[in-house]
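*Asks:* Before I ask anything, let me first share the structure, which is written out below as structure tokens.
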Amino acid sequence: MTTINKGKIVVHNIKLREASPIDAEVMAEIHAECFPHYWNQEAFTDFFAVRGTFAFLVEVEGQVAGFIVVRPQHEQADILTIAVRPVFRGQKIAKTMLEAALTKARANGVEKLFLEVEVGNVAATALYEGAGFAQIDRRKLYYRQKDGTYTDALVMSLRLS
């Protein structure tokens, strides 16, 4: 059951499932809603072609609310992206997906995870810090904005072992 409160869809029941290449189209749609420079359907299809890459989706009453994509490489892995539709934000959907990804990565022998997050993305940074990620570097002028300017990225890591 969902309700609407102040323009946000309030989630009462979510379904987490593993994503597959057939989900590439909806993943591209959500990515476009969430980021000024987004990946297309072909990019997401290509991610699944790389051995070991996995993704999770959260569905709310049949609608995909968000997803996470992780690419393991031996004992390390990169969180390539995590996105939640704006109307579903603030309801622990990203946290649910991140926890599932960490559990699967750990089960697959991953010892350390990496990610990049835009410096100004306070909510995402708080999510990652809450999960135990720590900043290890900063990439200057990494993310291109819609207006053509660039912002820095924080490089964060988490040791699982």
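The values are calculated or read from the model by the stated rules, or taken from the named source; none is laboratory data. The model shown is predicted, which means the values in this text are computed figures rather than measured ones. Note that each Cβ is placed from the backbone with ideal geometry, even for glycine, and that neighbours are counted across all protein chains shown. Ligands, DNA and RNA are excluded from the accessible area calculation, which covers all protein heavy atoms including side chains. Shrake-Rupley method; radii C 1.70, N 1.55, O 1.52, S 1.80 Å.
*Asks:* What is the local net charge at Tyr150, summed over the other residues whose Cβ is closer than 9 Å to its Cβ (Lys, Arg +1; Asp, Glu -1)?
*Replies:* Overall, the nearby charge balance is +1.
*Asks:* Which whole-number percent gives the relative contact order of the chain, counting Cα pairs below 8 Å spaced six or more residues apart?
*Replies:* Computed value for the chain: 18 percent relative contact order.
*Asks:* Restricting to lysine pairs 8 or more places apart or on different chains, what number in the chain have Cα atoms under 16 Å apart?
*Replies:* The number of close lysine pairs in the chain is 5.
*Asks:* Cα centroids of the range 72-103 and the range 27-52: how far apart, whole angstrom?
*Replies:* First find each Cα centre; the distance between them is then 14 Å.
*Asks:* Here's a follow-up. Taking only the alpha carbons of the range 55-126, what extent do you get along each of the three principal axes, in Å, biggest first?
*Replies:* 36, 30, 14
*Asks:* In addition: Considering only protein heavy atoms and a 1.4 Å probe, what is the carbon-and-sulfur percentage of the accessible area of the chain?
*Replies:* Of the solvent-accessible surface of the chain, carbon and sulfur hold 50 percent.
*Asks:* Among Arg71, Arg139, Arg85, determine the one that fluctuates most according to a GNM of the chain built with springs between C-alpha atoms less than 10 Å apart.
*Replies:* Arg139
*Asks:* Rounded to the nearest 5, what % of DSSP beta bridges with both residues in the chain are antiparallel?
*Replies:* The answer is about 90 percent antiparallel.
*Asks:* Could I ask something else about it? Below 9 angstrom from the Cβ of Ser161, what's the summed charge of the other residues (Lys, Arg +1; Asp, Glu -1)?
*Replies:* Here the charged neighbours net out to +1.
*Asks:* Bins of 5 Å, beginning at zero and ending with the bin holding the largest distance: percent of Cα pairs per bin for the chain, please.
*Replies:* 2, 9, 18, 21, 22, 18, 9, 3, 0
*Asks:* Using the Karplus equation 6.51 cos²θ - 1.76 cosθ + 1.60 (θ = phi - 60°), what ³J(HN,Hα) coupling, rounded to whole Hz, does each residue of the range 65-71 give in order, writing x for Gly and Pro?
*Replies:* Couplings: 9, x, 7, 9, 10, 10, 10 Hz.
*Asks:* Same structure again: On average, how much accessible surface per residue is there in the chain, in Å², for a 1.4 Å probe, leaving out ligands, DNA and RNA?
*Replies:* 56
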